[in-house]
Amino acid sequence: MLKVIAACGSGMGSSQIIKMKIEKIFKKLGISVQIHHSSVSEAKNLASNYDVVFCSEALKGNFANAAANGTIVIGLKNLLSEQEIEQKIIENVVNKK
Amino acid sequence: MFKELLEKKRYSFHDGFESWEEAIAAACKPLIEDGAVLEDYVDLIIKNVKEYGPYIVIAPDICIPHAQEGRGVNETAVCLMKTKKPVHFSDSPEHDARLFFVLASTDNSIHLQNLSELVEYLSDESMVKKLLEAESVEDIKALI
């Protein structure tokens, strides 16, 4: 079970949109996941407990520490593009296993 | 979500704005006028963007201004704003927006319903194209 967290500035907008979208793509790819969502300030402290962090490209810099500790950090340019999400999951998660 | 937005007249149409801050204030205006959010909500959104960057531009041309749940908010609501000219959130055209959906939430389950309806509409590229061409509420009504 892959542990995933979606983060955004407030925890109620884009992180929930990311959660909806990645749930769909992980299901399509047959990867079982547990997805949480939260604000960046909370997620920053929790990120190292997760396998993958998803956030907007603009927020990626907040997770440099977690990335240095081996957490995969994926920044999305277009949160609504399932194509971008799928491509980035394949590139960063599937091919890294 | 769209039904309520239309019924409660939570929409506005504009030519453009000099700054993204003005655009956020204008986008929130119908919600302030009907009491769904307090005037502070505008400042909270602006503060968030200044702190974290233009992440509320979630896709090309689409912006979802919002702050935290329950702060400066009286009611869970969505409010639409459409501009003719793009509003710039940074020097990069990636952060230009013309279609705004202000999100306000006091109740996460209603908010999530609103959000999933919104995401469904916005995931349809031909729908987004039509929304971007809308210049009046009649144009929006014809799409929903």
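The values are calculated or read from the model by the stated rules, or taken from the named source; none is laboratory data. Everything quoted here is computed from the prediction, not taken from an experiment. Cβ sites come from the backbone with ideal geometry, for glycine too, and all protein chains shown count toward neighbours. Just the protein is used for accessible areas: all its heavy atoms, side chains included, with ligands, DNA and RNA removed. Shrake-Rupley method; radii C 1.70, N 1.55, O 1.52, S 1.80 Å.
Working carefully through the options B:Gly16, B:Gly72, B:Gly35, find the one that is among the small types (Gly, Ala, Ser), at pLDDT 95 or above and open to solvent by less than 20 Å² (accessible area, probe 1.4 Å). Before the answer, list the steps.
Working: B:Gly16 fails: open to solvent by less than 20 Å² (accessible area, probe 1.4 Å); B:Gly35 fails: open to solvent by less than 20 Å² (accessible area, probe 1.4 Å).
Just a single option satisfies the conditions, and that option is B:Gly72.
Matching residues to (1) within 11 Å of chain A (Cβ to nearest Cβ); (2) over 24 Å from B:Gly16 (Cβ atoms); (3) among the β-branched types (Val, Ile, Thr):
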{"site": "B:Lys50", "(1), (2), (3)": "yes, no, no"}
{"site": "B:Pro54", "(1), (2), (3)": "yes, no, no"}
{"site": "B:Ala59", "(1), (2), (3)": "yes, no, no"}
{"site": "B:Pro65", "(1), (2), (3)": "yes, no, no"}
{"site": "B:Pro86", "(1), (2), (3)": "no, no, no"}
{"site": "B:His95", "(1), (2), (3)": "yes, no, no"}
{"site": "B:Leu112", "(1), (2), (3)": "yes, yes, no"}
{"site": "B:Leu118", "(1), (2), (3)": "yes, no, no"}
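Do we have any residue at all in the range A:66-79 that's farther than 21 Å from B:Asn108 by Cβ, without any contact (Cβ under 8 Å) to a residue 40 or more places away in the chain, open to solvent by less than 20 Å² (accessible area, probe 1.4 Å) and part of a helix (DSSP H, G or I)? Can you show your working first?
Quick first cut of the range A:66-79, residues farther than 21 Å from B:Asn108 by Cβ only: A:66-78.
Narrowing the set further to residues that are without any contact (Cβ under 8 Å) to a residue 40 or more places away in the chain leaves A:66-75, A:77-78.
From what's left, open to solvent by less than 20 Å² (accessible area, probe 1.4 Å): A:66, A:71, A:74-75.
Remaining after also requiring part of a helix (DSSP H, G or I): A:66.
Yes - at least one qualifying residue is present in the range A:66-79.
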Cβ contacts < 7 Å: first residue more than 16 Å from B:Arg71 (Cα to Cα), restricted to the range B:19-38; second residue of a type in the set (A, V, I, L, M, F, W, C) and open to solvent by 10 Å² or more (accessible area, probe 1.4 Å), any location; separation 6+ or different chain. Result? B:Trp20/B:Phe89; B:Glu21/B:Ile46; B:Ala23/B:Phe17; B:Ile24/B:Val42; B:Ile24/B:Ile46; B:Ala25/B:Val42; B:Ala26/B:Phe17
Can you tell me which of (1) within 13 Å of another protein chain (Cβ to nearest Cβ); (2) farther than 30 Å from A:Glu84 by Cα; (3) of a type in the set (Asp, Glu) is the one B:Glu75 doesn't meet? (1)
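Scan B:Ile64, B:Ile58 and give me the residue that is within 14 Å of B:His95 (Cα to Cα) and either in contact with a Phe, Trp or Tyr (Cβ under 9 Å, 6 or more places away or on another chain) or among the acidic types (Asp, Glu) (or both).
Details: B:Ile58 fails: either in contact with a Phe, Trp or Tyr (Cβ under 9 Å, 6 or more places away or on another chain) or among the acidic types (Asp, Glu) (or both).
B:Ile64 is the lone residue from the list that is within 14 Å of B:His95 (Cα to Cα) and either in contact with a Phe, Trp or Tyr (Cβ under 9 Å, 6 or more places away or on another chain) or among the acidic types (Asp, Glu) (or both).
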Please find, among B:Lys82, B:Lys3, B:Lys8, B:Lys29, the residue that is more than 26 Å from A:Ala6 (Cβ to Cβ), among the basic types (Lys, Arg) and open to solvent by less than 80 Å² (accessible area, probe 1.4 Å). B:Lys82
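Here is a yes/no grid of residues against (1) out of contact with any Gly (no Cβ under 8 Å at 6 or more places or on another chain); (2) within 20 Å of A:Ile17 (Cα to Cα); (3) not hydrophobic (A, V, I, L, M, F, W, C):
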| position | (1), (2), (3) |
| --- | --- |
| B:Phe100 | yes, yes, no |
| B:Leu103 | no, yes, no |
| B:Gln113 | yes, yes, yes |
| B:Glu120 | yes, yes, yes |
| B:Lys130 | yes, no, yes |
| B:Val137 | yes, no, no |
Please determine, by comparing only the residues of the range B:87-144 that are touching a helix residue (DSSP H, G or I) at 6+ places or on another chain (Cβ under 7 Å) and basic (Lys, Arg), which one is nearest to B:Ile64 (Cα to Cα). B:Arg98
Considering only residues that are assigned to a loop (DSSP other than H, G, I, E, B) and hydroxyl-bearing (Ser, Thr, Tyr), look in the range A:1-57 and name the one that is most open to solvent (accessible area, probe 1.4 Å). A:Ser32
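Go over the candidates B:Phe100, B:Phe89 one by one and state the one that is buried (at least 20 other Cβ atoms within 10 Å of the Cβ) and either of a type in the set (Gly, Ala, Ser) or in contact with a Ser or Thr (Cβ under 8 Å, 6 or more places away or on another chain) (or both). First the steps, then the outcome.
Working: B:Phe89 fails: either of a type in the set (Gly, Ala, Ser) or in contact with a Ser or Thr (Cβ under 8 Å, 6 or more places away or on another chain) (or both).
B:Phe100 is the lone residue from the list that is buried (at least 20 other Cβ atoms within 10 Å of the Cβ) and either of a type in the set (Gly, Ala, Ser) or in contact with a Ser or Thr (Cβ under 8 Å, 6 or more places away or on another chain) (or both).
For the range B:123-135, does any single residue satisfy the condition of being within 15 Å of the chain's Cα centre (by Cα), away from chain A (no Cβ under 13 Å) and at negative phi? I'd like the intermediate steps shown before the answer.
Looking only at the range B:123-135, we keep the residues that are within 15 Å of the chain's Cα centre (by Cα), and these are B:128, B:131-132, B:134.
Subset that is away from chain A (no Cβ under 13 Å): B:132, B:134.
Remaining after also requiring at negative phi: B:132, B:134.
Yes, there is a match, as at least one residue in the range B:123-135 is within 15 Å of the chain's Cα centre (by Cα), away from chain A (no Cβ under 13 Å) and at negative phi.
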Taking B:Asp139 and the conditions (1) more than 13 Å from every other protein chain (Cβ to nearest Cβ); (2) closer than 21 Å to B:Lys9 by Cβ; (3) surrounded by 14 or more Cβ atoms within 10 Å (Cβ to Cβ); (4) in contact (Cβ under 8 Å) with a residue 24 or more places away in the chain, which numbered condition does it fall short on, given that it satisfies the others? (4)
